[in-house]
Amino acid sequence: MKSLEDLKKIREAAQNKMTMRMDDNQKYRIVVGMATCGIAAGARPVLNTIVEEVAKAKLPVTVLQTGCIGMCTLEPIVEVFDKDDNKTTYVLVDAKKAKEIVAHHLMRDEVLEEYTVGKYKK
C-alpha cells in the first residue's frame, strides 16, 4: 500500500467480499453467528445442520457465517434475510431448531415466532 488510492481499493475489495447481493434465484440469506461466543454455545452444529438441510432440499438460499451479532447470552443466533432485506433473528438455536427453521421458514415461508429474539423461552 503506497497511497490513499491503494487503501481505497483494498477497502472496496473487502466490502465486496462482505456484501452478499442476492440474485433473482435466491430466496433467503442465512447468517449464523460464529464468534467465540457463538461457537462456545454450539453454533458449529447449527451451521452444519443448516448447510446440510439446505443442500439436501436444494433450496435457493445462501448460508453465511459472521462474527459477533451482539447478543452473546442468546447464542447460537441465526438471522434470516429475505429478498427485501427484512430480518428474522432466531436465538438459542440448536440442531433440532435449525432443522425446523429450514423446514418451516425457508421451505414454507413460516416464521417460527417462538424461536425469535422477542418471543423465545429458555
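Sorted from fewest to most neighbouring beta carbons within 10 Å, what does the list Tyr28, Tyr90, Tyr120 look like?
Tyr120, Tyr28, Tyr90
Taking 4.7 Å between beta carbons as the limit, the unpaired Cys residues of the chain are Cys68. Per-residue Cβ neighbour counts within 10 Å put Ile10, Ile77 in the sequence Ile10, Ile77, beginning with the fewest. DSSP beta bridges confined to segment 25-115 are antiparallel in about 60 percent of cases.
Please report the equivalent ellipsoid semi-axes of the chain, computed as sqrt(5 x eigenvalue) of the Cα gyration tensor, largest first, in whole Å.
Values: eigenvalues 155, 66, 32 Å².
With the √(5λ) rule applied to the chain, the semi-axes are 28, 18, 13 Å.
Helical runs assigned H by DSSP (4 residues or longer) give the chain a calculated mean residue ellipticity at 222 nm of -10500 deg cm²/dmol, each run adding -39500 (n - 2.57) before division by the residue total. Of the peptides 57-63, 91-97, 3-9, the order by per-residue mean of other Cβ atoms within 10 Å, starting with the highest, comes out as 91-97, 57-63, 3-9.
Here the extension length gained between Glu110 and Gln26 equals 28.5 nm, from 0.36 nm per residue of separation less the Cα-Cα distance. Seen from Glu5, the other residues with C-beta closer than 12 Å to its C-beta sum to a net charge of +2, counting Lys and Arg as +1 and Asp and Glu as -1.
Each label point was placed 7 Å from the Cα along the Cα-to-Cβ direction; for Lys87 and Lys9 their separation is 3.3 nm.
No value in this document is a laboratory result; all are computed from the given coordinates. Small disclaimer: the values here were computed from a predicted structure and weren't measured. Neighbour counts run over all protein chains shown; Cβ positions are idealised from the backbone, glycine included.
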